[in-house]
Amino acid sequence: MPSTVPTIAELIGGCTRSAVHLEMRDQYGTAAEAEDFQAWLETGRLDTDPSSPDWEPWVSLVSQAIARGVSVRRARIVSEPVTEYIRYEHASTGVNVHAGEEVRWLPRRRASDIALPGNDFWLFDDQVIRWGYFSGDGAVVGHEVSEDPAAAKLCSEAFDAVWNRAIPHDQYQIR
């Protein structure tokens with residue numbers, strides 16, 4: 001794995017047409033979210049202010065990409081009934097939508113016949129993949145960038161298949 005992997009911000013910044021993200025885990029344990037997730041579990045309160053210090057960098061990045069004509073889409077494959085983490089993620093997704101992302105949800109039972117890559121990914125302009133590697137409990141263990149045409153084709157086709165079946169965020173009911 002390369003020692004320096006471009007950040008999502010760098011890759012979105014260099015994008016000209018599309019940035020798509022496929023999330024396939026029911027639980028993520030990223031350190032950056034741990035405190036916020038725990039507070040949400042305890043209080044039900046969540047930061048959904050697009051101008052807050054936690055959200056503003058993302059909102060700005062996505063808004064700028066959209067203004068350049070880049071399509072930013074995110075699809076999530078989820079088990080039902082959903083985990084508490086997915087409830088938390090769903091509750092905050094309005095900020096992603098506010099920024100200009102299109103977000104859809106696909107119940108895992110409807111993804112059984114889709115050929116999916118083994119890991120979550122971002123795909124930029126149908127050419128550059130940024131793989132995300134996670135431990136069993138959802139902690140980030142690394143990232144890798146690939147421009148392998150066969151892998152990019154798999155990611156593109158998998159994302160499109162998921163997207164076409166998935167439910168838009170404003171219509172998806174948590175189960």
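The values are calculated or read from the model by the stated rules, or taken from the named source; none is laboratory data. It should be emphasised that the depicted structure is a prediction, and the values quoted were computed from it without experimental measurement. Glycine gets a Cβ as well: all are built from the backbone with ideal geometry, and neighbour counts include every protein chain shown.
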Can you spot a residue in the stretch 15-30 that is over 27 Å from Arg165 (Cβ atoms), out of contact with any Ser or Thr (no Cβ under 6 Å at 6 or more places or on another chain) and surrounded by 15 or more Cβ atoms within 10 Å (Cβ to Cβ)? yes
Return a yes/no flag: does the stretch 97-109 have any residue that is touching a helix residue (DSSP H, G or I) at 6+ places or on another chain (Cβ under 6 Å), in contact (Cβ under 8 Å) with a residue 60 or more places away in the chain and under 24 Å from Ala31 (Cβ atoms). yes
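Listed here are the residues, each with its yes/no results for (1) more than 19 Å from Pro168 (Cα to Cα); (2) over 16 Å from the mean Cα position of the chain (by Cα); (3) modelled with pLDDT under 95; (4) of a type in the set (A, V, I, L, M, F, W, C).
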| site | (1), (2), (3), (4) |
| --- | --- |
| Val62 | no, no, no, yes |
| Arg73 | no, no, no, no |
| Ile86 | no, no, no, yes |
| Glu89 | no, no, no, no |
| Glu102 | no, no, no, no |
| Arg109 | no, yes, no, no |
| Phe121 | yes, no, no, yes |
| Gln127 | yes, yes, no, no |
Do we find that Val95 is part of a strand (DSSP E or B) and either in contact with a Lys or Arg (Cβ under 9 Å, 6 or more places away or on another chain) or on the phi < 0 side of the Ramachandran plot (or both) in this structure? no
Please determine, by comparing only the residues of the stretch 76-97 that are touching a Leu at 6+ places or on another chain (Cβ under 6 Å) and buried (at least 16 other Cβ atoms within 10 Å of the Cβ), which one is nearest to Ala34 (Cα to Cα). Ser92
